[in-house]
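A short worksheet on the structure shown next.
The values are calculated or read from the model by the stated rules, or taken from the named source; none is laboratory data. On a predicted model such as this, the values are computed, not experimentally measured, just so you know. Here the Cβ positions follow ideal geometry from the backbone for every residue, glycine too, while neighbour counts run over all protein chains shown. Ligands, DNA and RNA are stripped out before the accessible areas are found, and what is left, the full protein with its side chains, is counted by its heavy atoms. Shrake-Rupley method; radii C 1.70, N 1.55, O 1.52, S 1.80 Å.
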Amino acid sequence: VDPLGVVLDPSALAFGPAASLSGGPAAAFGSSGFLVAWEDDRSGFSDIWCARLDAGGGVLDPAGVLVSPTPNAERAPAVAFDGTNYLAVWEDDRNGEQDLYGARVTPSGAVLDPAGIAISTAPGIQGRPALAFGAGEYLVVWQDGRSVSSDVYAARVLVDATVAEPDGVAVAAGSYSELNAAVASDGAAFFVVWQDGRGSPETIWGARVGATAVVTDVGGVAISPAGTRALQPAVAFGAGEYLVAWVREAIVSEDLYGARVSTGGVVLDPASAPPASAEAARF
């Protein structure tokens, strides 16, 4: 899709063999093209595979590249680029419960960490990872089940694959549930958003996280208006500010809403408003 919102590939691009069951795609831009990762069952259980695209939409790895060859189920990949390599992260069942692992992939399609990088093997279930790159390091965020309620945790992964906070640090933890975390970077720090159960109904909250994994907004910042149920947040950075989008669930419909947030953590659209009544919109 070009910057004016024109779909350049209306017939769509195909990744991997048609005979396999694929899902959960994630993509990132880096170097001179893209890397797409997905879950693929061609081996009889779900693995993480990837493929490169050039800037013109050509698929450079039509059969795909196996990212993690371990005999266990792997799901829900996320991908980012650090200026030299990509990092893919995913849910991994190799230890008998759901943990988080990752691997670096070069722009030439070589997997640098075929055995995987353990990002969190803490007790309980870790899942739904997301990541962003900024200030020379990745921040991986996820939904964490080590306590009674689901929390949001994060860990930095350095470009040499070192995990700076093994098992992570809490970004949002309380007696209520925090789910579906997403993250973006302004190049110097990170902004993490999540679906928060502290109110009734759920709302979207966020927090700035410094380059050393220090949570700046302890307790979080309320982003979506109270009184309406908000789910499944996403966040991106551009033009000097963050854009947070989410699904607003009403009695008879589900709509998309959004709000801008400054790099100082100020919500610029506290009342929020939906985009134009179309399936996609540019801000």
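Tabulated results
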read-out	value
Calculated FRET efficiency for the pair Glu97/Ala118, C-beta based, R₀ 22 Å, to 0.05	0.95
Exposure ranking of Thr263, Thr84 by accessible area [1.4 Å probe, largest first]	Thr84, Thr263
Solvent-accessible area, 1.4 Å probe, carbon plus sulfur percent, for segment 144-248	56
Vicinal HN-Hα couplings computed from phi for segment 115-125 (Karplus, 6.51 cos²θ - 1.76 cosθ + 1.60; Hz; Gly/Pro x)	7, x, 9, 6, 8, 8, 10, 5, x, x, 8
Semi-axis lengths, Å, segment 72-143, gyration tensor of Cα atoms, sqrt of 5 times eigenvalues	21, 14, 9
Accessible surface, 1.4 Å probe, highest first, among residues Phe237, Phe191, Phe29	Phe29, Phe237, Phe191
Placed amide H near Thr216: partners under 5 Å, 5+ positions off or other chain	Arg208, Val209, Gly210
At R0 = 45 Å, FRET efficiency that the Cβ-Cβ distance of Val1 and Ser175 yields, to 0.05	0.60
Distance (nanometres) between label positions extended 7 Å along Cα→Cβ at Ala14 and Ala188	4.8
Net length gained if the chain between Thr70 and Ala226 were fully extended (0.36 nm per residue, minus Cα distance)	51.7 nm
Within the chain, longest stretch clear of exposed GluC sites (Glu not before Pro) (DSSP loop, no more than 15 other Cβ within 10 Å)	98-278
Efficiency of FRET from Cβ geometry, Ser149 and Thr216, R₀ 30 Å, rounded to 0.05	0.85
Relative contact order computed over segment 1-90 (Cα-Cα under 8 Å; 6+ residues apart), in percent	27
Compactness of the chain as Cα Rg over 2.2 N^0.38 Å, two decimals	0.98
Additional length obtainable on full extension of the chain from Ala239 to Ala55, 0.36 nm per residue less Cα span	64.0 nm
Kirkwood Rh, angstrom, segment 125-271 [1 / mean 1/r, Cα pairs]	15.1
Top of Ser22, Ser200, Ser149 by mean-square fluctuation, Gaussian network on the chain, Cα under 10 Å	Ser200
Within a Gaussian network of the chain (alpha carbon springs, distance under 10 Å), most fluctuating of Ala14, Ala164, Ala245	Ala14
Net charge, Leu60 excluded, C-beta distance under 13 Å - Lys, Arg +1, Asp, Glu -1	-1
Check: segment 34-126 dipole with +1 on Lys, Arg Cβ and -1 on Asp, Glu Cβ, in debye	220
Heavy atoms of Trp49: accessible area, 1.4 Å probe, square angstrom to 10	30
Local electrostatic count, Thr216, Cβ distance below 14 Å [Lys/Arg +1, Asp/Glu -1]	-1
